[in-house]
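Okay, handing you the structure first.
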Amino acid sequence: MAARTLVVDNGAATIKFGYADEDTPYRTFSNNITRSKAERKTFVGDQLENCKDFSGLYYRLPFEKGLLTSWDVEKQVWDRLFTGKIVPCNPSATTLLISEPILNLPNIAATYDQLVFEEYGFHSYTRMSAPQMAMYNEIPRLYGQKMTSGKKRIDCAVVVDSGYSFTHIIPFWKGKPILVGIRRINVGGKLLTNHLKEIISFRYWNMMDETHLVNEVKEACCYVSNKFWDELDICKKSPRANKILQHYVLPDYSSQQRGYVKGGSKSKRSERKGKGTSKMDVDDARDGTNGSENEEDVDSDQSSSDSDEDMSEPNEDEQVLTMNNERFTVPEILFNPSDIGMDQAGIPEAILDAISSCDEEIQGMLYANVVLIGGNARLPGFRKRVANELRELAPSEYDVRVGIDNDPFGYAWKGAKRLATMDEFASEFKNRLVTRAEYLETGSALCESRFRSAV
């Protein structure tokens, strides 16, 4: 085996990467090529951090509808990662553990193999989906429990991966996905951002070209409502009585590079944004608790924590975007895709359908181990909404527990790191790897056979 293992969660919007033997957290950068109108420069991957004016960015994306289709773009991004421009990397002495799309197409999978071995020359590598990576974490800790003595991982779980392109629900049994139970909802972070762009452009200013900025607005202001109709009524009240209303100060990209929610310090706002996503909150609804009796209610935090200072009139030199019911009606699409004309079930219904398609003997364990990962899982109120609605739908004889890590965005990467470093997984990890010598002798057929044998 190679001296070091590079773990890469190759997301459609963001790449998470880092060496498995390092104690430092994973690092991230954008998985795209962007062109700045103002600066007239092209930025590849991590180079976007050097951009000074994010207005009117033009994006070239490697992923289309959740599948890696533009290899020209992806190769330019990977060139920066695998040739030492971002992190020291000697492929010939490195093992690569990389994520791939769920139910990846064979021809796309073969191109992965070709680039990894023939273009970059890695010593060995393996690939798996992000939900499969997440299964190597200590999932019982999400529910305040410890792993059973002698067990490497739990036998049963449902991983809900709500990412950039889609939301997938994948049931697992003994670490392997149950293929007949996999469900996909065609709603992800990209659709939510685009929908918010359309709403803002219709109600305020034309921001159809401001994808980067609107995405920042979404991350700073949006949340999942657990009292949708009540909060919709609140939004109809006067600004002083409307505690949901927020003013988002837009950046001017000269003196101010990043927007912020008006009221309080910018650093305090940043803390608050993380507050709703950093709880390792759990739910055991059958016992009559909903995971929030001893916690601050997420909706109350969102609708009432804004002080009168937040509602103050904007300064004349500030360009302010008013966010009212958009804050929760946009994420509502995750739970009611029919709101925008999509004939699909929401996340709780899809989880129910996925579990119902599995063997009845394991359905109880699946309901008791629902795990939320992905960028959309960071939305405040997301876990509580999933838990409450799933409890209403699930059979009463089953316990329903919905767990989320304090960092659902990087949970898959952390699981992959455990696979590559923990002694109890050493044999399994070694058996998954394909070396460059083996690939040159047998081609992608061995990769397909060895990687799929674990599925």
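The values are calculated or read from the model by the stated rules, or taken from the named source; none is laboratory data. Please read these numbers as outputs of a predicted model, since none were measured by experiment. Note that each Cβ is placed from the backbone with ideal geometry, even for glycine, and that neighbours are counted across all protein chains shown. We work out accessible area using only protein heavy atoms, side chains counted, and drop any ligands, DNA or RNA first. Shrake-Rupley method; radii C 1.70, N 1.55, O 1.52, S 1.80 Å.
Would you work out if the stretch 114-206 is rounded, prolate or oblate? Take a ≥ b ≥ c from the square roots of the eigenvalues of the alpha-carbon gyration tensor; rounded if a/c is under 1.5, else prolate when a/b is larger than b/c, oblate otherwise.
In terms of gyration-tensor shape, oblate.
Another question, if that's okay. What shape does the stretch 50-103 take by its C-alpha gyration tensor, where a ≥ b ≥ c are the square roots of the eigenvalues and a/c under 1.5 counts as rounded, a/b above b/c as prolate, and the rest as oblate?
Oblate.
Based on the alpha-carbon set only, what is the convex hull volume of the stretch 392-455 divided per residue, in Å³?
About 178 Å³ per residue, rounded to a whole number.
Could you sort the peptides 337-350, 371-384 by per-residue average Cβ neighbour count (10 Å cutoff), highest mean leading?
Working: 337-350: 16.1, 371-384: 24.6.
Those peptides, ordered most packed to least, come out 371-384, 337-350.
Tell me whether the stretch 141-191 comes out rounded, prolate or oblate; compute the Cα gyration tensor, take square roots of the eigenvalues as a ≥ b ≥ c, and use a/c under 1.5 as the rounded threshold.
oblate
Still on this model: Probe radius 1.4 Å, ligands and nucleic acids left out: which of Tyr58, Tyr204 has the largest accessible area, and how do the rest follow?
Tyr58, Tyr204
Counting helices only, and only those DSSP H runs with n ≥ 4, report the 222 nm mean residue ellipticity of the chain as the sum of -39,500 (n - 2.57) divided by its residues, in deg cm²/dmol to the nearest 500.
-9000 deg cm²/dmol
In terms of solvent-accessible area of protein heavy atoms at a 1.4 angstrom probe, what is the ranking of Lys146, Lys16, Lys227, highest value first?
Numbers: Lys146 165, Lys16 15, Lys227 95 Å².
Per-residue accessible area, sorted high to low, gives Lys146, Lys227, Lys16.
Ok, one more. Using Cα-Cα distances under 8 Å and only pairs 6 or more residues apart, what relative contact order does the stretch 123-226 have, in percent?
Reported as a whole number, the value is 16 percent.
Around Thr126, with a cut-off of 9 angstrom between Cβ atoms, what is the net charge of the other residues, counting Lys and Arg +1 and Asp and Glu -1?
The answer is +3.
Can you give the accessible area of Asp233 in Å² (nearest 10), computed on protein heavy atoms with a 1.4 Å probe?
Near enough 80 Å² of accessible area.
If you average over every viewing direction, what projected area does the convex hull of the Cα atoms of the stretch 33-173 give, in nm²?
Reported value for the Cα convex hull: 11.4 nm².
For mean projected area of the Cα convex hull in nm², several values are listed as [x] 24.4; [y] 28.4; [z] 22.1; flag the one computed from this structure.
Answer by label: [z].
Related question: Can you list residues from other chains, or at least 5 along the same chain, whose modelled amide H is less than 5 Å from the amide H of Ala368?
The answer is Arg401.
Calculate one ³J(HN,Hα) per residue across the stretch 77-85 by plugging θ = phi - 60° into the Karplus curve 6.51 cos²θ - 1.76 cosθ + 1.60, and present them in order as whole Hz with x for glycine and proline.
Whole-Hz 3J(HN,Hα) from phi for the stretch 77-85: 6, 5, 4, 6, 7, 8, 10, x, 7.
In percent, what relative contact order does the chain have, based on Cα pairs under 8 Å that are 6 or more apart in sequence?
19
Looking at the stretch 33-72, which trypsin sites (Lys or Arg not before Pro) are in a loop (DSSP not H, G, I, E or B) and have at most 15 other Cβ atoms within 10 Å?
Answer by residue number: Lys37, Arg40, Lys52, Lys65.
Over the stretch 131-183, what relative contact order in percent results from Cα pairs under 8 Å that are six or more residues apart?
Once divided by the residue count of the stretch 131-183, the mean separation gives 29 percent.
Order the following by accessible area, largest value first: Trp229, Trp71, Trp205, Trp78. Probe radius 1.4 Å; ligands, DNA and RNA are ignored.
Result of the area sort, largest leading: Trp229, Trp205, Trp71, Trp78.
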